[in-house]
Structure formats: structure tokens, C-alpha cells
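A quick write-up on the structure given underneath.
The values are calculated or read from the model by the stated rules, or taken from the named source; none is laboratory data. Everything quoted here is computed from the prediction, not taken from an experiment. Neighbour counts are summed over all protein chains in view; Cβ atoms, including those assigned to glycine, are modelled from backbone coordinates with ideal geometry. The accessibility values were calculated without ligands, DNA or RNA, using every heavy atom of the protein model including side chains. Shrake-Rupley method; radii C 1.70, N 1.55, O 1.52, S 1.80 Å.
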Amino acid sequence: MRGAGFWQLGQSITRRLAQTDKKTIARRYFASEADLKKTVLYDFHVANGGKMVPFAGWGMPIQYKDSIMDSTLNCRENGSLFDVSHMCGLSLKGKDCIPFLETLVVADVAGLAPGTGCLTIFTNEKGGAIDDSVITKVTNEHIYLVVNAGCRDKDLAHIEEHMKAFTSKGGDVSWHIHDERSLLALQGPLAAPVLQYLTKEDLSNLYFSDFRVLDINGAQCYLTRTGYTGEDGFEISVPSENALDLAKAILNKSEGKIRLTGLGARDSLRLEAGLCLYGNDMEQHITPVEAGLTWAIGKRRRAEGGFLGAEVILKQIAEGPSIRRVGFFSTGPPARSHSEIQNDKGENIGEITSGGFSPCLKKNIAMGYVKSGLHKAGTKVKIVVRGKSYDGSVTKMPFVPTKYYKPT
């Protein structure tokens with residue numbers, strides 16, 4: 001891949017991501033083309049050159065007319081608009097919605113101020129991750145959250161099972177799944193100035209992880225200052241009948257600088273930002289501590305527990321986990337998911353979970369799990385790709401500095 005032109009690099013990444021996606025579908029998300037669900041922007045994607053692929057039971061754009069390399073760079077330099085309507089938004093309501101949710105996730109939900117949110121993890125009885133989610137305390141009796149598309153059925157069944165048990169004991173909690181809404185992710189340095197044209201709310205007062213219900217382009221939207229790229233940006237939950245007009249308005253106001261962007265660049269962007277992809281970097285046998293997400297476990301929750309798998313997780317916090325998620329730079333071809341990690345003696349010490357060529361850094365990056373003690377930045381390793389071992393080294397993440405909008 002080294003020495004290839006931008007177009008060749010983009011095509012190579014496209015082929016790699018398309019192949020990875022097909023394997024993922026075969027393993028977890030298979031659906032025939034006729035069965036694929038479509039977002040309300042599907043025809044808009046096709047009309048704008050979107051290359052549609054199956055993902056988590058949906059037909060989604062992996063890229064548009066520009067290469068994945070160019071799309072990634074444009075997001076960092078200008079901005080990107082992603083259709084992420086395949087993800088599942090839902091609301092929990094009732095006077096007991098917070099204590100109920102705290103039985104299922106590791107976050108200190110009660111400690112959040114109204115109108116703020118955080119990343120959290122749904123855990124199982126063994127402390128493993130069922131899914132990660134961005135949750136928001138709208139009020140003390142209303143929680144809004146978004147779960148991953150590929151985990152939707154599993155997550156909803158899990159929540160419903162525990163909700164039935166909770167309400168049978170007198171708990172006051174109900175839910176609404178927002179299938180009537182679409183979800184757009186606007187990311188990059190132009191996200192805020194462009195979105196500001198479409199709302200009267202002063203977005204300079206809305207910081208990273210803050211949430212508002214407000215009018216955007218004439219529609220009542222749920223706006224969260226968050227994203228999956230490492231850039232400043234927003235996720236906009238909009239009534240589906242208004243989604244197309246909003247997408248067009250954003251693109252028009254940016255005068256072509258913000259571009260429609262697909263799943264291919266989204267994967268490159270989140271990898272550069274050191275963010276986990278559920279199903280690759282986190283699964284049901286991986287705990288938040290092993291995944292390097294101990295910071296997402298609220299201080300009060302560490303003291304009190306009270307969530308599924310708390311005994312396992314709190315023990316790992318106290319004693320340290322046996323494996324840890326870390327970042328890597330490597331030589332040779334980019335490492336792929338399941339590439340073996342070895343020490344200088346050729347002994348197995350871990351496995352890559354995500355990897356690729358970084359469009360921004362122009363080098364191979366990856367993340368994966370190694371045995372504790374071998375996780376320090378600078379540790380030399382060998383990474384096996386297609387039967388051959390190549391030099392690599394452990395490095396800190398994110399690979400590309402994040403630009404979240406926070407109070408100074």
C-alpha cells in the first residue's frame with residue numbers, strides 16, 4: 001500500500017471495508033437484499049452516488065463519489081454529514097427510570113445534570129459488554145439513549161426483560177422506541193457554524209455531551225453535541241418526515257464543504273480517534289476495564305456497584321485486568337481484525353481487533369488486546385498479517401487528537 005496514490009489507497013480501503021462488512025454480515029447481520037431496511041434518505045444517497053451495502057440489516061452507503069481517503073480528510077478539514085438512522089433511539093420515562101437504568105449500565109446517571117449525557121456500557125452478569133451507548137438525562141424522569149444497530153434486537157430484549165421484572169415490583173418506568181425519527185450525525189470543524197444558520201439557539205452555549213430539544217430548520221429535534229469521529233459535532237434526532245429537508249439544508253448552507261459521508265470513512269475516523277467498534281473491539285466477554293473504559297464507570301458506581309457484573313468489574317478495578325486494549329503502529333500491510341500479536345520470541349501475547357491505514361497520519365494504525373504488563377507505550381511487538389510477522393509498537397490513543405467542544 002505504501003507508495004500508492006490517493007485514489008489507489010481509497011479503492012484499497014474501500015475493498016477492504018466492503019470485504020470486512022460482508023464477513024460481518026455473514027457472521028451476525030445477514031439479510032437478503034429484499035429484506036434490507038431503508039432509511040428515509042436511501043434514495044437521496046443513491047441519487048448522490050452512494051454505494052449501498054448491507055449493514056446490520058439495512059442498506060447503507062459505504063461511500064459516495066469521492067474516495068474513503070478523501071472523505072476522511074474532508075471531515076477533519078471541513079465536515080461530514082452521516083445518515084445513522086439505522087441506529088436505535090429510545091426514551092425511558094417515569095420517576096424510577098434512573099434507578100432502573102442504573103441496574104443495567106455502569107454510568108452514574110443520577111449524577112448527571114439535566115440536559116447532559118455520557119458514554120456508558122450495558123453489562124451482563126459476568127461484567128462483559130452487551131453494548132455501548134450514549135445516554136442523556138433529559139430530566140429526572142426522562143432518559144434518552146441511542147444503541148447500536150447491530151445490537152438493537154439484543155439490547156431491546158435485554159432492557160424489556162429487566163423492565164418487566166422492575167415494574168412487577170412496583171417500579172415506575174416505561175419506554176418509547178423512536179422509530180418515527182431519523183438520526184443524522186454532523187461532524188467536523190464546520191458543523192457548528194453551519195448548523196447555527198438553521199437554529200435560533202446559541203450553539204456556543206452547548207458543550208460536548210450536552211443535549212437540547214430545539215427547533216432546527218423548522219422541525220423539533222433532539223440535539224446532542226457528540227459523535228463518533230473525534231471531531232466537534234452533533235447527532236440530530238429529527239422527525240423522519242423532516243430528515244431529507246434537513247440534510248439538504250445542511251449541505252446547502254455549507255456551500256459544498258460539508259459532504260455526505262459513508263460507513264467507510266466513518267470507520268477510518270473512529271479508528272483514528274481510538275474509539276471502540278462494538279463487535280470488534282468490545283464484545284460480551286470483554287469488560288469495560290479491559291477495554292480501557294474504566295473512566296466511564298462513575299465514582300459512585302465504583303463504590304456502590306449495583307449493576308450487572310459489578311463484582312467482576314470492581315475486582316478488576318482494584319486488582320487490574322489480565323488483558324488491556326491498546327493502540328499500535330505497524331509496518332508492512334495494515335493489520336486486520338484477528339491478526340495475532342507476538343513478542344520478540346514469537347509467543348502469542350494478544351490479538352488485533354481493528355486496523356487499517358490512517359488517511360490523516362499516512363501510516364498503519366490498529367487497536368487490540370495484549371496481556372497486562374505488555375501494554376505500555378513503546379513496547380515492541382510483532383504483528384502477523386497473512387502468515388508473515390511485521391514490526392509494531394504499542395502507542396497511546398487517540399491516534400489523531402480529538403477536538404471536542406468543551407468549556408475553556
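One line per residue, one yes/no per condition, for (1) of a type in the set (Asp, Glu); (2) buried (at least 23 other Cβ atoms within 10 Å of the Cβ):
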{"residue": "Gly57", "(1), (2)": "no, no"}
{"residue": "Pro61", "(1), (2)": "no, yes"}
{"residue": "Met69", "(1), (2)": "no, yes"}
{"residue": "Asn74", "(1), (2)": "no, no"}
{"residue": "Asn78", "(1), (2)": "no, no"}
{"residue": "Cys118", "(1), (2)": "no, no"}
{"residue": "Glu125", "(1), (2)": "yes, no"}
{"residue": "Asn140", "(1), (2)": "no, no"}
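A count restricted to segment 98-112 and to residues that are within 23 Å of the chain's Cα centre (by Cα) and open to solvent by less than 10 Å² (accessible area, probe 1.4 Å) stands at 6. Could you list all residues from segment 325-358 that are outside any strand (DSSP E or B) and either open to solvent by 50 Å² or more (accessible area, probe 1.4 Å) or on the phi < 0 side of the Ramachandran plot (or both)? Answer for segment 325-358, where residues must be outside any strand (DSSP E or B) and either open to solvent by 50 Å² or more (accessible area, probe 1.4 Å) or on the phi < 0 side of the Ramachandran plot (or both): Thr331, Pro333, Pro334, Ala335, Arg336, Ser337, His338, Ser339, Asn343, Asp344, Lys345, Glu347. Restricting segment 359-393 to residues that are open to solvent by 70 Å² or more (accessible area, probe 1.4 Å) and without any contact (Cβ under 8 Å) to a residue 12 or more places away in the chain leaves a set whose member that is farthest from Asp70 (Cα to Cα) is Gly387.
For segment 369-390, how many residues meet the condition of being more than 13 Å from Gly350 (Cβ to Cβ) and not polar (S, T, N, Q)?
In the first step, residues of segment 369-390 are kept if they are more than 13 Å from Gly350 (Cβ to Cβ); the result is 376-378, 380, 385-390.
Checking the rest, the ones that are also not polar (S, T, N, Q) come to 376-378, 380, 385-388, 390.
So the answer is 9.
Restricting attention to segment 185-229, the residues that are hydrophobic (A, V, I, L, M, F, W, C), open to solvent by less than 60 Å² (accessible area, probe 1.4 Å), under 25 Å from Pro401 (Cβ atoms) and not in a strand (DSSP E or B) total 7. Under the condition of being open to solvent by 30 Å² or more (accessible area, probe 1.4 Å) and among the acidic types (Asp, Glu), the residues counted in segment 279-313 number 3.
Quick one: in segment 230-271, of everything that is part of a loop (DSSP other than H, G, I, E, B) and farther than 18 Å from Phe55 by Cβ, which residue is most open to solvent (accessible area, probe 1.4 Å)? Give the steps one after another, and end with the answer.
Initially, segment 230-271 is screened for residues part of a loop (DSSP other than H, G, I, E, B), giving 230-232, 254-257, 261-262.
Okay, now just the ones that are also farther than 18 Å from Phe55 by Cβ, so 230-232, 254-257.
Numbers: Gly230: 3, Glu231: 5, Asp232: 24, Ser254: 6, Glu255: 156, Gly256: 53, Lys257: 106 Å².
Step by step, filter segment 230-271, then rank; the result is Glu255.
Beta carbons closer than 7 Å, at least 6 apart along the sequence or on distinct chains, pair a first residue in segment 176-188 that is under 16 Å from Ala273 (Cα atoms) with a second that is among the basic types (Lys, Arg) and surrounded by fewer than 23 Cβ atoms within 10 Å (Cβ to Cβ) for Gly188/Arg76.
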